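The values are calculated or read from the model by the stated rules, or taken from the named source; none is laboratory data. Keep in mind that this is a model prediction, so the values were computed, not measured. With ideal geometry, Cβ positions are generated from the backbone for all residues, glycine too; neighbour counts draw on all protein chains shown. With ligands, DNA and RNA removed, areas are computed over all heavy atoms of the protein, side chains included. Shrake-Rupley method; radii C 1.70, N 1.55, O 1.52, S 1.80 Å.
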Amino acid sequence: MAGTNEIIRNGEERRIAIVGCGPRGMYALDSLCQLAGKMPAECRFDVTVYEPAEHPGAGAIYNHDQPDYLRMNFASRHIDAWNRGWVADSPQHPSFLTWMQQQYAGQPDPDGFVSRNRVGRYLSACFSRIVQACPANVDIRLRRARVEHIEHQPHGWQVRSTQETRHFEQVLITTGHQDWQRRSPGSHDDSQRRFIASIFPVEEKLSTKQVPPGLVAGIKGFALTFIDASLALTLGRDGRFIETADGYAYRASGKEPARLVPLSRTGRPLLCKPDHGKFVGPAAESIWRDASAALNELPKQSSAICFESQIWPIILRAAESAANLEEGAAGRWFDQWCDGNFDGKRALQAMRSSFQVATGQRPPDLVWAMGEAWRKIYPALVKCVSHGGLNAQSHKPFKDIAGEMERISFGPPAINMGYMLALADAGILDLSRCDHFADKSAGQWPGDIDVAIDATIPAPDIFDPQGPIGGLEKAGYLNCGRNGEIVINRSGQALTEGRAVPGLSVIGRVTEGCVLGNDTLSRTLHDHIRHWAETIVGSPPLSAPLECARELEMHA
């Protein structure tokens, strides 16, 4: 590897900062340890990990203390913190299912959707194993501190945290969701109603003190965080969901708000994922495999792909084949789905139909096939469109279509959809104004709302005002793409004017747009972390000051 001999001869120690240690930061630390352990002992790596959350590896999103009713929408079989090209599934490097068998009695359901706190405990256990088993030539320091500023210095980067200021040769930023718990309220009316800017942590933000029983709670957003809020205000207040022959019924505790009123721009709901204990679908693996292969061939045919004419027809035809329908049926259905806003009746009908198919009460239909096509073909889609794979004319149509397909494909587990339907049947969930914010310029909440709750997550291009990314972008060391995302190369290195910034890398949610599908626990969907670690282990130390971002040399 280039530069390795110089490092060994000179006894160089590489100083590396990993800023943020949720799952992405932990995966990066593991990759670095795995590759560094294959190097001679003289090649040393000093790694400082910055993570203010209590549980490194889990971060804030998978906090151990959040209630059990906050579930994953990612099936247990897909949760695995380790690179299986390097280590086998074992007690030392367990997948989530193996860890569950170690920790809890009984056989875990591979298709189940467990609580986020349980996944957090698994991730934290993996972080501990990485630290305990790190090779002798790697020193790991954990700083439970928030990084406030990163500044370029001769031969590297200065990192200032709430605890200290240190100099590093390499900095990797993996901060994930930006400012998701502490952001300001944003745009809303000037009424005297109570306003809650973020629902996390739910036991604090949505307590009976903050949202008293009997009031009307307006909830901005109609996606997964809306479901979390609804469960916190019902199940989290001693309400009970009773399983029935066709779903669930809700038994109120008397501590709930009088009504929960979701308010969104389109009224289009999420559709749920199948419950594989009850759902039986057609054998369609060959269809997904062939469609994925067709997408994988596209970059070989063209350097800039047209989404609408080259990619979208492959996905539509795969859905039609799985549903055994004629060509054109999927496109017609999708056009109808996108045609205008949904009122409460139409939204409830879509939710109920989705639940009935997901739980085997109705046969699989085209709607299921559309969602399944997007889920199954998604890894090939990620490779096809990331890092400028689409032509310039495709960006808007892709963004619009992908936004709708995410509602159809990446919704809640069926049990959570069943709970929402039970709340609607009980008269607690009021969908009558689910498209209230259709006019983006209107920030007014309905007049009968007593408590206004913002259950949206900041977009990837909304940077934490107390974090380092905004400052680096203003200084010219990070470049934003057409949708405000941070632009990186396939090794996670920051790019400015197409050139890699030496020693500065960013991986995760803030690059969404340059890289598709960052908001996932999957370690197999992207290769950036492995390529980053290979670059760190194999590249020579920085030997000259960085004068200006425009003078950077192209990364090999």
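Side notes on the structure shown:
- Two-site FRET efficiency, residue 251 against residue 167, from Cβ-Cβ distance with R₀ of 56 Å, rounded to 0.05: 0.40
- Helices of the chain meeting both criteria, an alpha-carbon length of 30 angstrom or more along the long axis and an average Kyte-Doolittle score not below 1.0, with helices taken as full DSSP H segments, do not occur.
- Computing Rg and the Kirkwood Rh from the Cα coordinates of the stretch 64-138 gives a ratio, Rg/Rh, of 0.99.
- Looking at the chain alone, DSSP beta bridges between its own residues are antiparallel in about 35 percent of cases.
- Near-label residues of the stretch 265-295 by backbone N, under 19 Å of a point 7 Å along Cα→Cβ of residue 301: 287-295
- Size estimate for the stretch 1-145 follows the Kirkwood approach: the inverse of mean 1/r over distinct Cα pairs works out to 16.3 Å.
- Taken per residue, the accessible surface of the chain reaches 43 Å², heavy atoms only and a 1.4 Å probe.
- Summing +1 for each Lys or Arg and -1 for each Asp or Glu among the other residues whose beta-carbon sits under 12 angstrom from that of residue 323 gives -4.
- Rg/Rh, computed from the Cα trace of the stretch 354-445 with Rh as the Kirkwood radius, has the value 1.06.
- Inter-centroid distance (Cα atoms) of the stretch 320-394 relative to the stretch 453-520, Å: 29
- Packing here is the average count of other Cβ atoms within 10 Å per residue, and on that basis the peptides 225-233, 196-204, 352-360, 157-165, highest first, run 225-233, 352-360, 196-204, 157-165.
- Carbon/sulfur fraction of accessible area - the stretch 236-321, other protein chains in place, 1.4 Å, %: 47
- Whole-number Å³ per residue for the convex hull built on Cα positions in the stretch 389-517: 177
- 3J(HN,Hα) along the stretch 134-145, derived from phi through the Karplus expression 6.51 cos²θ - 1.76 cosθ + 1.60 where θ = phi - 60°, amounts to 5, x, 5, 8, 10, 10, 10, 10, 9, 10, 7, 8 Hz, with x in place of Gly and Pro.
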